[in-house]
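Enquirer: Here you go, one structure.
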Amino acid sequence: MTTKLTWEEYQRIKDIKILDLEFCDYRHVNILNLGWEAWGKWYCSKHEKEHILCPNLCLPASRNIIGCELTRKRTKRREGPVKPNRPYDLTNCYLCFKELKGASKKSVVKNRNNPSFWGIGSVYKIICLECIGKEFYRRLSSSKKKTWRKYLKRGYE
């Protein structure tokens with residue numbers, strides 16, 4: 001069986017070493033590496049059998065011609081949230097490379113580690129409180145110096 005690809009699809013697929021293919025029960029091919037929608041598992045209550053069917057051709061044929069009574073195969077829910085493989089909320093200071101805690105899962109920097117929060121125009125985007133004290137303390141306004149000392153007393157990094 002041959003499958004024709006467009007030029008754009010070929011350009012996307014030519015550098016892939018291993019193709020991730022999925023075949024329906026009627027031998028139609030789905031190339032998952034191209035980002036196409038994965039074909040689902042369907043359960044036929046009439047024939048008491050599970051099928052993998054492509055949505056464009058095989059699914060309507062199974063329902064209309066063969067007369068299958070298809071329902072989606074449901075997966076069991078996991079108990080509790082999925083644990084991440086890596087610490088997603090960690091960032092590093094650009095000057096001393098100390099590891100700092102981020103503000104959220106989206107790698108957003110806490111305000112105290114953002115130079116613009118302190119009113120500092122710097123090319124560095126993430127700076128720890130120690131480096132702000134060493135490098136930029138003289139540039140801080142009096143209210144920001146007070147805030148900086150308050151954060152140090154609390155034990156923030």
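Bear in mind these aren't lab numbers, they're just calculated from the coordinates by the rules spelled out. Since this is a predicted model, take the numbers as computed values, not measurements. Ideal geometry is used to build each Cβ from the backbone, glycine not excepted, and the neighbour counts take in all protein chains shown.
Enquirer: Work out, step by step, the length gained on full extension between R72 and T147: first 0.36 nm times the residue separation, then minus their alpha carbon distance; give nm to one decimal. Please list the in-between numbers first.
Expert: On the way: separation 75, 0.36 × 75 = 27.00 nm, distance 5.74 nm.
Roughly 21.3 nm would be gained on extension.
Enquirer: While we're looking at this one, here's another question. So for each of 138-145, 96-103 I average, over its residues, the number of other beta carbons within 10 Å; can you give me the resulting order with the highest mean first? If you can, show how the numbers build up before the last one.
Expert: On the way: 138-145: 12.0, 96-103: 13.5.
Those peptides, ordered most packed to least, come out 96-103, 138-145.
Enquirer: So, counting K/R as plus one and D/E as minus one, what does the shell of residues with Cβ under 14 Å around C93 add up to? Intermediate results must be reported in sequence, preceding the final value.
Expert: Details: positive: K98, K101, K110, R112, K125, K134; negative: E99, E130, E135, E157.
Here the charged neighbours net out to +2.
Enquirer: Less than 27 Å apart at the alpha-carbon level, and either on another chain or at least 8 residues along: which lysines does that give for K98?
Expert: Leaving aside lysines fewer than 8 places away in the same chain, those within reach of K98 are K83, K106, K110, K125, K134, K144, K145, K146, K150, K153.
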